[in-house]
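Just below is one structure, and these are the notes that go with it.
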Amino acid sequence: MWPFALLALVAIYELVAQAVISARVAPDADWAAAATFVRGELAASDVVIVAPAWADPILRRELGDRIPLAAAGRSDLAAYERVWELSIRGRRAPELEGARSRMEPAFEGAFGGVTVRRFDLGESSVRLDLTSSLRDAEVRRGARTCAWRRNAPQGGGLGAGPLTPAEHFFCGPEPWLWVGETATEDLALQGRHCVWQHPAGTEPISTTYRDVELPGRVVLYGGIYYLHERDEVHGPVDVRVLVDGAEVGRMQHRDGEGWKRMEASTREGRGDVTIEVTAPDPNMRTFCWSASLRGPAREVGE
Amino acid sequence: MRPRIGWLDHLLGALLCAGYVALLLGTSADLAMSRDESFYVTAAQDYARWMRQLWNDPDAALTTEAIDQGWDYNHEHPGLAKALFALSWIAHENAKPDGGGGSAAAGADEGGLFASDSDAFRFPGMLSAGLLLWLLYIFGARVFGREAGAFAAVAYALMPRPFYHAHLDCFDVPITLAITFAVYAYWRALTSRGWIVIAGLAWGLALAVKHNSWVLPGIFLIHYVWMVLAARARAKRDLPVSARLVTRPWWLVSLAWLGPPIFLATWPWLWHPETMLERFGWYARFHVNHEYYTIAYLGRSWFEPPFPISYPFVLTAITVPLVTLAMAGVGIAMRARAMLPGLLRERVWKNGDVEPDSPHTDVLLIGCLLAPILMIALPSTPIFGGTKHWFTAYPFLCLYAGLGVVRATNALRHGVGARLPASRWTSRVLVSALVIAPMLVQTVHSHPFGLSHYTPLAGGVPGAADLGMNRQFWGFTTGSLTEFFTEQMPNGGTVYLCDMTPGAWEMLHRDGRLPRNVRWSASLTNADFVMVHHEDHFLEVELQSWIAFGTTKPAHVLTYDGVPIITVYENPRRRR
C-alpha cells in the first residue's frame, strides 16, 4: 500500500498547501487599511519600512507619497525617531533586529494579513543630512569650481547606472563628471540615496559644505554601482573627509566591499566639511556616497 | 509483456495532442511575447520572405546575397524551428482575404488562419508540445504499459513551467520533442531494423532545432556499450539473449550519415562551401563560450562561474509538482534493480523480480533523465535559462511518474481488494483524481505567470520570493498590463519597456491587444510610464524612475500571489 499512501499524502499536501498559500496572501484591502492607519499617525521624523523587503513596491504604492527618496534609499535608521514596520507572512525587517532586542514595539496592530508595529527609537542623532543638502554645497574639480546646472534628467535603462538628476553640479568635460543627488544600486542590489561623485583620477573632486554645525561625528557610506563593482577588476576609490581643510577621516573603497561605512570624529562648533574623492584609475569608478553629520550615537537604529 | 500498440493508441495520442494544442491556443493571448520570441519572429519573417522568393524565383533566392539576407539574422541557432514558425505565418497570411502579403504590419483583425499573428508564429511550438504528449503516451505504453504512458503524457502536460513554454515560438519545447523522438527512435532501432534510418533522421531534425542535441550520440554510446557488454555477459553464461536485439551499431552509422546532412540541409546559412566551416565554427564557439546573464538563486544574483551545482536539482524540486516527482521516485525505485550493472546487481540486490530487458531500456531512460540535469549542474554551465534548459529530462521523469502511478493504483487495488466496489475502476479513478488534481490546480494557478510560479515545496510564489529566487525573465508578464495601459492612455502615450523588447511590444499591436497609439519609448525619462520587471538586478530601473519622476510612489503594482511582478511609474508631466 505504501505507493498509494505516498501518493495520497503528497497530493493532499500539495492541494492543502496551495490553498493555504493563496489564503495567506494579504489582499490589497489589508494593505490599504494598514496604510490609512499609519498615514494618520505619521510624524515628520518617522519612517515606514516593510518586511519582507520584496513587498517594498506594495508599501510605496500605498504610502509612497510619504516615503521620500532619502527614506526609500536609506543607509541606516539614524535619521528617524520612530519606525513603522508593516509586515506580512510573519516576517520582520532585519534592520530592526537591534531595536527588537532592546525594546517592545510601542504599537502593534493587525489589519487583516498586514501587521503594523511602531518602534520609538528616540531622538535622532542626525543634525545635517549632507546628501539631501547638496544644493547648499560647493563642488570643485581640483581648484576649478563646478557649475550648478539644471536640465532634463539624463540616462536610464538597464546597465545605465544611476540617473543624472535634472539639477546637479557639472565638472566635466567628461559627461560622467557631475555631482548630484541620485540613487544607486549597490553591490547587494539595495537602492541607496546618495551623491554621485565620480572621481576624475588623482585630481580630487570635492564637495564642501560651508559653515555647518559640527555635532561631533560624520558618518559616510559609499559604494560603486553594482555592474561596475561586481566583477572586482577595477581599482580602489579613495575618500577623504576634511573639516576646515584638515583630514578627519579617510576610507578606501575596494571592489567587493559593497556599501561601506566610515565614521569619523570631528570637533564641535562650526566649520567647513569637505568630501573629497580620488582614484588612481577612475575608469568605471561610479562612486556614490551618503553622509550625515551626527551627534552622539543613540543606542539603537544606527 | 508489453502491449501491442495499434491505431486506437495513436487515436488516443492524437486526441491528447489536439486537446493540448487547443488549450494552448485558447490561453496564448494571456501571454505577451517574450524577449526571445520576438527575435525569432524577426528571423521567421526574414525566412518567410526568402521562402516566398524561393517559390517565385528560385535562382535569385539561391544566390549568396539572398541567402545571407534571409538567414543571417539570429544565426546563433539553426534554422528548422524558425523555418516552421515562418511557414505557419505564411499559411496564416495566405488565409487572409487579401493574401496578407507578408507584411509585418498586418494585424489580427484582418483575418487569417489563427486568431492572431502571435498564434501564427507560436503554433509550431504548441504543436510540438501536443506531439510530445502523443509521443510520450506511445513511448510510455510500449515501455511500461498504456496506463503509465497516459499518465506520463498528462504529467508532462500539467507541469507549470513547460506549460508556459509550450505556448512560445521558441526552441525549448520543440527540442524536447525532437530529443525525445530521437531517443525513442534509437530505442526502437535496437530491436527493429526499420527504425535505424528513422533514428538518424530524428537526430538530424534534433540538430536542426537546437544545439543541446549534439550530446545525444554520447548518451546513446554509453547505453549501447552497456547493453552490448550485458548481452555478451549473458551469452558467456549461456543465458538467453533476445534474437531481436541489434547488437551491431547500425544506429551510429545512421546518425553519422543522416544527422549532419539534415542539419546542413535545413540551415541555408551554412550552404556556402567557402564559409561553411567558418560559420559552423562560429556557431560552435558561440555556444561553448556562451555569455552569462544574471539570474537570482537562493538570494544571490549569479552572473559568472562557478555556478551552484544544486541549481537544477533545487529548481526541479520547487517547480515540478511534488506529486509528479514522488511518483517518478516510486517508478524509479521499482525499476532500480534493472538499472544496475549485472555483477553489481548479483552482489547487492540478488533477490528481486525486476530484471532488465534486452535493450536495457531503464539505463537509457535514466541516462536521458540525468544527462541534461547533470550538464546544467556543471559549475561552468550557464544557468540563466531557468528550468527550460533541462526540459529534455522531463519526458523521462514523466515516464517513470506514469509507472509510479500504475504502481500506486495496483497497491490500492491489492491493498483494499474486495472492500472497494468495482475495485479495479474505483482505484483507477481515485488514483487519477489524486494525481491530476494537484498538477491541474498548480498549472491553472501558474497561468499567465508561468516563470514566476513555484510549487508549495518552496512556499509557492511568496515562499520563493522569501528564498530569493528569480521571479521572471524575458519581460513576458507585460501581457497582464495591457488593460492598464489602454485605460490610462485613452489618447495614446509611451511606455518604457524595461526587459521587454520593442519587437514583443509590436506584437501586442499586431494582435490587437494594445492600441497603436500606445507606443514604446526608448527614453525612460521621457516616457509617460515606466515598467520595472522585478528581477533583483533590474532594481536600477526603479531607482532611475524615482530620480526621473521625483517620487517613489508607483502608479501600479502588478502582483502574483501578493508578490510584485511589475511595478509601473507614471511621469508626473502627464498630470500637469
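The values are calculated or read from the model by the stated rules, or taken from the named source; none is laboratory data. All figures in this text were calculated on a predicted structure; none of them were measured in a lab. Backbone-built Cβ (ideal geometry, glycine too); neighbour counts: all protein chains shown.
Numbers below:
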quantity	calculated
Odd one out for B:THR392 among (1) part of a helix (DSSP H, G or I); (2) of a type in the set (Ser, Thr, Tyr); (3) modelled with pLDDT under 95	(3)
Filtered residues of the range A:57-70 (kept if more than 8 Å from chain B (Cβ to nearest Cβ) and surrounded by fewer than 22 Cβ atoms within 10 Å (Cβ to Cβ))	A:ARG66, A:ALA70
Residue among B:ALA377, B:ALA464 that is within 21 Å of B:SER310 (Cβ to Cβ), in the same structural domain as B:GLU304 (by TED's automatic domain parsing) and modelled with pLDDT of 95 or more	B:ALA377
Residue that is in contact with an Asp or Glu (Cβ under 7 Å, 6 or more places away or on another chain) and either closer than 16 Å to B:SER128 by Cβ or at pLDDT 95 or above (or both), where the choices are B:LEU25, B:LEU16, B:LEU12, B:LEU87	B:LEU25
Residues of the range B:343-357 satisfying the condition of being surrounded by fewer than 20 Cβ atoms within 10 Å (Cβ to Cβ) and either in a loop (DSSP other than H, G, I, E, B) or in contact with a Lys or Arg (Cβ under 8 Å, 6 or more places away or on another chain) (or both)	B:ARG345, B:TRP349, B:LYS350, B:ASN351, B:GLY352, B:ASP353, B:VAL354, B:GLU355, B:ASP357
Unmet requirement for B:CYS398, which otherwise passes all of (1) modelled with pLDDT of 95 or more; (2) under 30 Å from B:CYS498 (Cα atoms)	(2)
Which listed residue, of B:PHE263, B:PHE307, is touching a Ser or Thr at 6+ places or on another chain (Cβ under 8 Å), farther than 30 Å from B:VAL441 by Cβ and in contact (Cβ under 8 Å) with a residue 60 or more places away in the chain	B:PHE307
Qualifying position, being free of Cβ contacts under 8 Å to residues at least 60 places away in the same chain and basic (Lys, Arg), among A:ARG91, A:ARG118, A:ARG140	A:ARG91
Failed item in (1) surrounded by 15 or more Cβ atoms within 10 Å (Cβ to Cβ); (2) away from chain A (no Cβ under 14 Å); (3) in contact with a Leu (Cβ under 7 Å, 6 or more places away or on another chain); (4) of a type outside the set (D, E, K, R), with B:SER301 passing the rest	(2)
Of all residues making up the range B:358-389, the number that are of a type outside the set (Lys, Arg), in contact with a helix residue (DSSP H, G or I) (Cβ under 6 Å, 6 or more places away or on another chain) and part of a helix (DSSP H, G or I)	16
Listing of helices (runs of 4 or more DSSP H) fully contained in the range B:137-224 that carry 3 or more residues being aromatic (Phe, Trp, Tyr)	B:172-189
Residue in the range A:257-274 that is out of contact with any strand residue (DSSP E or B) (no Cβ under 6 Å at 6 or more places or on another chain), among the charged types (D, E, K, R) and within 14 Å of chain B (Cβ to nearest Cβ) present	no
Strands (runs of 3 or more DSSP E) wholly inside the range A:153-227 containing at least 2 residues that are within 14 Å of chain B (Cβ to nearest Cβ), in contact (Cβ under 8 Å) with a residue 60 or more places away in the chain and under 22 Å from B:HIS534 (Cβ atoms)	A:178-185, A:191-197
Some residue of the range B:430-437 being at the interface with another protein chain (Cβ under 7 Å from one of its Cβ atoms) and surrounded by fewer than 19 Cβ atoms within 10 Å (Cβ to Cβ)	yes
Conditions (1) at the interface with chain B (Cβ under 10 Å from one of its Cβ atoms); (2) without any contact (Cβ under 8 Å) to a residue 40 or more places away in the chain: number failed by A:GLY73	(2)
Residues of the range A:275-302 classified as in a loop (DSSP other than H, G, I, E, B) and touching a strand residue (DSSP E or B) at 6+ places or on another chain (Cβ under 9 Å), total	12
Of the criteria (1) more than 22 Å from the chain's Cα centre (by Cα); (2) farther than 22 Å from B:ARG188 by Cβ; (3) more than 14 Å from chain A (Cβ to nearest Cβ); (4) not charged (D, E, K, R), which one B:PRO359 fails	(2)
From the options A:ARG149, A:ARG135, residue that is assigned to a strand (DSSP E or B) and either surrounded by 19 or more Cβ atoms within 10 Å (Cβ to Cβ) or not small (Gly, Ala, Ser) (or both)	A:ARG149
Flag if B:ALA83 is outside the structural domain of B:THR501 (by TED's automatic domain parsing) and in contact (Cβ under 8 Å) with a residue 12 or more places away in the chain	yes
Top-ranked residue in the range A:83-114 [being more than 14 Å from chain B (Cβ to nearest Cβ) and buried (at least 19 other Cβ atoms within 10 Å of the Cβ); ranked as nearest to A:GLU41 (Cα to Cα)]	A:TRP84
Conditions (1) within 11 Å of chain A (Cβ to nearest Cβ); (2) within 20 Å of B:VAL225 (Cβ to Cβ): number failed by B:ALA338	(1)
For B:ALA336: the one exception among (1) in contact with a Leu (Cβ under 9 Å, 6 or more places away or on another chain); (2) modelled with pLDDT of 95 or more; (3) surrounded by fewer than 20 Cβ atoms within 10 Å (Cβ to Cβ); (4) within 22 Å of B:LEU190 (Cβ to Cβ)	(1)
From the options B:LEU369, B:LEU451, residue that is surrounded by 15 or more Cβ atoms within 10 Å (Cβ to Cβ), touching a residue at least 24 places away in the same chain (Cβ under 8 Å), under 24 Å from the mean Cα position of the chain (by Cα) and not assigned by TED's automatic domain parsing to the domain that holds B:ALA148	B:LEU451
